[in-house]
Amino acid sequence: MLLATILPRVEDPIPDTIGIGALFSAAGAGGVVAMVAGSALGISRARQDQWARTGVSIGFAVGAAIYVTALLGQLP
């Protein structure tokens, strides 16, 4: 029996194109990661909100950096 028949097929997680939506997805992911980290550390609710805002900002900045890097990579 072939291993390929047992294992399920998966999609490629890296998209072929990066659009403006990737910036907002990265921002949302940053906020979620910050909230989970803050919750795991047991910080107060007000501090968790601050962490979430910071995480959204960092996530957006990382997404923008990836977008700009990809844009500059395709310029001649």
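Just so you know, all these numbers are worked out from the coordinates, no wet-lab data involved. This structure is a prediction, so every number in the text was calculated from the model and none was measured. Methodologically, a virtual Cβ is constructed for each residue, glycine included, from the backbone with ideal geometry; neighbour enumeration extends over all protein chains shown.
Per DSSP H run of at least 4 residues, take -39500 (n - 2.57); add these up for the chain, divide by its residues and hand me the 222 nm value, nearest 500 deg cm²/dmol.
Working: 3 runs with 56 residues, N = 76.
It lands at -25000 deg cm²/dmol.
Could you tell me how many degrees, from 0 to 90 and to the nearest 10, lie between the Cα long axis of helix 45-74 and the main elongation axis, the longest principal axis, of the Cα atoms of the chain?
40 degrees
Over all alpha-carbon pairs of the chain, lay out the pair-distance distribution in 10 Å bins, whole %, shortest bin first.
19, 30, 22, 20, 8, 1
Where in the chain are there trypsin sites (Lys or Arg not before Pro) that are in a DSSP coil and have at most 12 other Cβ atoms within 10 angstrom of their Cβ? Can you show the working numbers first?
Numbers: sites: 9, 45, 47, 53; in loops: 9.
Hits after loop and neighbour filter: 9.
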